[in-house]
C-alpha cells in the first residue's frame, strides 16, 4: 500500500510550531488540521506563514478537517445556509496552503433528533444532495480535493452519503471506528448478524473505490469507546489492514485521541508506537 501517513492537529495542540516539529520527528508525512472554532478566523497572517515555512522546511503536507459545529445538510435552510457560509471561508483558508494542501474533509449527516424517522431522513437526503453539489462546485473553484466522512450513522441510514458519492469529484473519508460504533450504538436497527469486520466489509464493498482517506483508531466494543490508541482496544489490525488493502486509499490519519480506555490523553511516545505499527502494514 503506497499511502501517506498523518495525524490530527486541532486548536488545543498550540503552539502549532512545537506540535509540527514533534510530528516531523515521528516520521509522519502530513497532518490533518481541524478548523474548529476559533480557527481559522483567529489565525493571523504571520502564523499562517510560520506554518507554511515549517511544512516546506520539513517536507510535510497538510490536509484540513471542516469545523464540527456546522451542519451542511441541516433540514432548516437557515442553519444550512449559515453553515455553507462558514464552509466557504474554511475552504478558502485551506486553498491558501496549495500546493501543500492534500484534501478538505467534511461531515454531512446533521445531528437532529428526528433523523431516526425514515421520512425525515428522506427529506434530509434531498436537501443534502443539493448541498453536496454546491460543495463540489465550491471545491472546484478553489482547486482542492473534497472528501465526505461517515458519521456515527448506521450503514442502513447512510443513503445520503452513498448517493452523494456518485458525484465524480466527491471522495470518501472512511472512519473505521465510526463504522463500527454506529452499529454498536444503535442496537434496535434490524441488521444481519455479524462481527465488526462485517460492518467494515459492507462499507468497503459499497464505497471502497471512492475511499481517498482512512481515519484509523482502535475501539473497545464492549465499552462503546473509539479513538483509542492502536492496540488498546479490541480490533484485529491484521484483519483491518487486509480489508483496507482492497480500497483506493491514499491517505491514512492515525486519529487516536485517547491513550487507553481510561481516556488518558495521547503522548508523542504512544503516537510513535502507532506510527511504527501502521508503517509495518504500508
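The values are calculated or read from the model by the stated rules, or taken from the named source; none is laboratory data. This is a predicted model, so every value here is computed, not measured. No Cβ is skipped: glycine too gets one built from the backbone with ideal geometry, and neighbour counts run over all protein chains shown.
Looking only at region 37-56, decide whether some residue is under 22 Å from the mean Cα position of the chain (by Cα), crowded, with 16+ Cβ neighbours inside 10 Å, under 28 Å from residue 128 (Cα atoms) and touching a residue at least 24 places away in the same chain (Cβ under 8 Å).
Yes: one or more hits.
Looking at (1) loosely packed, with under 14 Cβ neighbours inside 10 Å; (2) modelled with pLDDT of 95 or more, which is the one condition that is false for residue 123?
It is condition (2) that residue 123 fails.
What do you reckon, is residue 257 in contact with a strand residue (DSSP E or B) (Cβ under 6 Å, 6 or more places away or on another chain), surrounded by fewer than 19 Cβ atoms within 10 Å (Cβ to Cβ) and at negative phi?
yes
One residue is enough: does region 171-179 have a residue meeting the conditions modelled with pLDDT of 95 or more, part of a loop (DSSP other than H, G, I, E, B), within 23 Å of residue 263 (Cα to Cα) and in contact with a strand residue (DSSP E or B) (Cβ under 9 Å, 6 or more places away or on another chain)?
no
Restricting region 104-120 to residues that are touching a residue at least 12 places away in the same chain (Cβ under 8 Å) and assigned to a loop (DSSP other than H, G, I, E, B), which is nearest to residue 52 (Cα to Cα)?
Once the filter is applied, the top-ranked residue is 108.
Anything in region 69-100 that is within 19 Å of residue 127 (Cα to Cα) and touching a strand residue (DSSP E or B) at 6+ places or on another chain (Cβ under 8 Å)? List them, or say none.
Within region 69-100, the subset within 19 Å of residue 127 (Cα to Cα) is 69-88.
Once the filter is applied, which keeps residues that are within 19 Å of residue 127 (Cα to Cα) and touching a strand residue (DSSP E or B) at 6+ places or on another chain (Cβ under 8 Å), region 69-100 yields 72, 87.
If you take the residues of region 20-36 that are in contact with a strand residue (DSSP E or B) (Cβ under 9 Å, 6 or more places away or on another chain) and over 22 Å from residue 145 (Cβ atoms), which of them is surrounded by the most Cβ atoms within 10 Å (Cβ to Cβ)? Spell out how you get there, then give the answer.
Of the residues in region 20-36, the ones in contact with a strand residue (DSSP E or B) (Cβ under 9 Å, 6 or more places away or on another chain) are 20, 23, 26-36.
Add one more test, that the residue is over 22 Å from residue 145 (Cβ atoms), and what stays is 26-27.
Details: 26: 16, 27: 11.
Among those that are in contact with a strand residue (DSSP E or B) (Cβ under 9 Å, 6 or more places away or on another chain) and over 22 Å from residue 145 (Cβ atoms), it is 26.
What number goes with the only condition from (1) under 15 Å from residue 213 (Cα atoms); (2) in contact with a helix residue (DSSP H, G or I) (Cβ under 8 Å, 6 or more places away or on another chain); (3) surrounded by fewer than 16 Cβ atoms within 10 Å (Cβ to Cβ) that residue 2 does not pass?
The number of the failed condition is (2).
Filtering region 140-152 down to residues that are within 14 Å of the chain's Cα centre (by Cα) and part of a loop (DSSP other than H, G, I, E, B), which residue is surrounded by the most Cβ atoms within 10 Å (Cβ to Cβ)?
Keep residues of region 140-152 that are within 14 Å of the chain's Cα centre (by Cα), which gives 145-152.
Those left that are additionally part of a loop (DSSP other than H, G, I, E, B): 145, 150-152.
On the way: 145: 18, 150: 24, 151: 19, 152: 19.
So the residue we want is 150.
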